[in-house]
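Let me begin by presenting the structure, written as structure tokens, before commenting on it.
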Amino acid sequence: MSVTSPTNPTVDAPAKRSVSRTIGIVISVLVGAFLAFDVVGKLMVPEPVKEGTEALGFPIDQALIMGVVLGVCVLVYAVPRTAVLGALGITAYLGGAVTANMRVESPLFSHTLFAVYLGVLMWVGLVLRRPALLKVAGLTR
């Protein structure tokens with residue numbers, strides 16, 4: 001139900017913002033949980049992680065370093081005040097994942113671009129939480 005007045009045709013704007021923000025938080029939590037799962041795998045280095053790391057041409061020791069770097073980025077992303085900085089770090093990390101998959105000629109849509117899909121989803125969640133980011137990016141006035 002919307003309330004109208006001569007000066008403000010709809011008073012539903014705060015409710016709409018609240019729904020968008022909630023959806024953004026849910027998306028951000030899902031992306032963060034997925035990345036946290038990836039961090040745990042890289043830090044514990046189970047057999048599938050060893051095989052995947054070797055298949056991409058990295059030494060097994062690099063999985064620990066990748067896990068620490070991604071873990072720091074995810075922690076920074078999880079803090080609302082530093083979420084944009086964390087998202088930038090995660091974007092860089094995901095760019096490396098795209099490059100590594102391209103180097104070994106992994107399937108394009110299922111493997112190589114998966115990091116792009118995840119990165120776009122992460123930024124959508126962040127923009128829904130903080131619509132002012134669209135102004136910073138020059139997408140709105």
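In segment 81-108, the residue that is nearest to Ala63 (Cα to Cα) out of those that are among the hydrophobic types (A, V, I, L, M, F, W, C) and in contact (Cβ under 8 Å) with a residue 40 or more places away in the chain is Ala100.
If I filter segment 109-126 for residues that are within 23 Å of Pro14 (Cα to Cα) and free of Cβ contacts under 8 Å to residues at least 12 places away in the same chain, do I get at least one hit? No, because not a single residue in segment 109-126 is within 23 Å of Pro14 (Cα to Cα) and free of Cβ contacts under 8 Å to residues at least 12 places away in the same chain. From the list Leu35, Leu75, the lone residue that is within 24 Å of Met102 (Cβ to Cβ), at pLDDT 95 or above and of a type outside the set (Phe, Trp, Tyr) is Leu35. One residue stands out among those in segment 34-78 that are farther than 18 Å from Phe114 by Cα and among the acidic types (Asp, Glu): the one that is surrounded by the fewest Cβ atoms within 10 Å (Cβ to Cβ), which is Glu47.
The values are calculated or read from the model by the stated rules, or taken from the named source; none is laboratory data. Remember, predicted model here, so these are calculated numbers, not experimental data. Please note: Cβ atoms are built from the backbone with ideal geometry, for glycine as well, and neighbour counts cover all protein chains shown.
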